[in-house]
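Asks: Dropping the structure in here first, questions after.
The values are calculated or read from the model by the stated rules, or taken from the named source; none is laboratory data. Every value quoted in this text rests on a predicted model; they were computed, and no experiment measured them. Cβ atoms come from the backbone with ideal geometry, glycine included; neighbour counts cover every protein chain shown.
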Amino acid sequence: MIEQIQWLGYGSFFIQGPPLIYINPSRVTRNTFLADVILVGHHHDEHFSLADINKLRGAQTRVITNETIAKEIEGSSVIRPWQSVMIDRAGIKAMPAYSKNGWQHPQSDGGLGFIISINYYDIYYAGDTEIIPEMSTIHPDIAILPIDGNGTLNVHDAVEVVKQMRPRWVIPCNWGTGNQADARLFKNEVGGRAEVILPSVME
């Protein structure tokens, strides 16, 4: 399953499925396959791009997001934390994603992470979140965690989440060419607790 997950940069991902799932699509090309499902976690520009959603959206595409973003995307579906939907062979559960200090990602914004259950694997996409109590219930096969510390998990926090959740694989996100050192540090700090997946250009 891990081979079917593609990092598109920063917090944007593609899961091949079926169904074809995009999470917070950003800077996609027009020759990309149309999505079966588009998940959008919150309204910050690096995660919510209406132009990219429109590039990926076909007549049958389901766009699933929170109440704030749904007001800006015609025909989208609202999902709230802890709610679940089934689309084709994928189960999708919305999870809370927020900063406890409230300054960057307050809980009142309704930011979301997602647990995607597909092909007998559970994938946890944390979204823009710090360590929060709700994480104690999550034990995925694959964890996708931010490491930038911009109102989210930093490298140290993300390692603690790995210790708690004990996934088989973990993919760090919310980083790019300017902070590859953080991704490498994260991989070193995780050690043998999980297999850390980085883009092949860094290996």
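Asks: Would you point out which residue out of A126, A51, A90, A97 is under 29 Å from L198 (Cα atoms) and touching a Pro at 6+ places or on another chain (Cβ under 6 Å)? Lay out the reasoning, then the answer.
Replies: Numbers: A126 fails: touching a Pro at 6+ places or on another chain (Cβ under 6 Å); A51 fails: touching a Pro at 6+ places or on another chain (Cβ under 6 Å); A97 fails: touching a Pro at 6+ places or on another chain (Cβ under 6 Å).
The unique qualifying residue is A90.
Asks: Give the range 61-77 a look and list any residue that's under 21 Å from S108 (Cα atoms) and of a type in the set (A, V, I, L, M), or say none.
Replies: The first filter runs over the range 61-77 and keeps only residues under 21 Å from S108 (Cα atoms), leaving 64-73, 76-77.
The answer is I64, I69, A70, I73.
Asks: What single numbered condition from (1) more than 12 Å from the chain's Cα centre (by Cα); (2) buried (at least 17 other Cβ atoms within 10 Å of the Cβ); (3) not small (G, A, S) fails to hold for P18?
Replies: (2)
Asks: Identify all residues within the range 121-150 that are in contact with a Phe, Trp or Tyr (Cβ under 7 Å, 6 or more places away or on another chain) and either surrounded by fewer than 20 Cβ atoms within 10 Å (Cβ to Cβ) or not in a strand (DSSP E or B) (or both); write none if there are none. Lay out the reasoning, then the answer.
Replies: Initial filter on the range 121-150 (in contact with a Phe, Trp or Tyr (Cβ under 7 Å, 6 or more places away or on another chain)): 125, 129, 132, 138, 140-144, 147-148.
Listed by number, the residues that qualify are T129, I132, I138, P140, D141, I147.
Asks: Exactly one condition in (1) surrounded by fewer than 14 Cβ atoms within 10 Å (Cβ to Cβ); (2) at pLDDT below 95; (3) over 25 Å from L198 (Cα atoms) is false for E3; which is it?
Replies: The failed condition is (3).
Asks: Still on this model: If I go through the range 6-41 residue by residue, how many of them are under 19 Å from G111 (Cβ atoms), in contact with a helix residue (DSSP H, G or I) (Cβ under 8 Å, 6 or more places away or on another chain) and β-branched (V, I, T)?
Replies: The qualifying residues number 2.
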